[in-house]
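This report concerns only the one structure given below.
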Amino acid sequence: MVNANRIDPRVARQEAQTDLTSEPLPSIAAGVSWMFGLVSIPLIFVPPTAVITGFLAIVFGHIAKFQIARKQELSGERSATNGLLMGYLCFFAALALLPSIRMQSAVTQGLINSYRGVSDADGNSAFGIAERDFLDGDALSTGNTPDAQKIAAELASLLNEQRDEIFTGPRSHEIRTLCQIGDTGFCIVVLVPDLTDFDQNARDAMLNFIWKESQRLAFGAVSPGEEVAVGVRDRLQYHSMEFGRATLSPDRIAQPDAAFVDATMLDPFFVTTNPPPEEPTDDERE
């Protein structure tokens, strides 16, 4: 007689295996989403990286949600939700902060330049006043004499053509030029608004072109032996490596004076020592 209470070993093994596998497995995608979301929070202060990590948190979070919905044996719903929340928050916050990167870079570069002794022009100096009028205006080129105006216009046209050849990035603003011909010599100020977007090779190529063309255009406007000065700036500031001053040579392109690293040194080119016109005498008035 068979014992009715006897348990079949095969059935027992099956029930044991069922008990072992009844616990839902954690979703790997949910854990990855939570990890990227958590890492994105401190990286908000580095917006380009936070955009990437936030995006990955979003992608893996949605993958986890999809997997959990299809396979009931997977767990991790809460981790996926938290990863998505952190991912979306950090992704859009980082996107909003991206435009400030250029400003942060300019401020940092300004602090470095201040430490190295590179200073901006005095706003009340002759150069500072001329520069402010130039930057506040909307003219593509300007000069203090007819010859200076002609040179500034020609240089601005050449630089805007050359810019598209050496730098393929989007053009936000046109390159503008200010030319001054005075008692001290010949001075060119070039405003390249998106200069900070140039890579090092493109920047060097643009600066070399400005330096060469400025000296070429100076011939005929000033005599050999007189000084030529060039200052290049972006929207906010000058940089030490974008200055040049040299004595105009009739047979070669002069090399810039390496010591010329201060915007205030452009000021003498904007100061005139010509005596004021004499007042007419009473006989001349009659």
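The values are calculated or read from the model by the stated rules, or taken from the named source; none is laboratory data. Everything quoted here is computed from the prediction, not taken from an experiment. So basically every Cβ, Gly included, is an ideal-geometry build from the backbone, and we count neighbours across all protein chains shown. What goes into the accessible areas is simple: the full protein's heavy atoms, side chains included, and nothing from ligands, DNA or RNA. Shrake-Rupley method; radii C 1.70, N 1.55, O 1.52, S 1.80 Å.
Results, tabulated for the structure shown:
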quantity	calculated
Segment 128-195 - accessible surface per residue (Å², probe 1.4 Å)	45 Å²
Options Leu159, Ala221, Asn144, ranked by Cα towards positive dipole end of segment 129-225, top entry (Cβ charges)	Ala221
Accessible surface of Leu25 - all protein chains present, 1.4 Å probe, nearest 10 Å²	110 Å²
Rounded accessible area of Arg176 (nearest 10 Å², 1.4 Å probe)	30 Å²
Ile63 accessible area, 1.4 Å probe, all protein chains in place, Å² to nearest 10	70 Å²
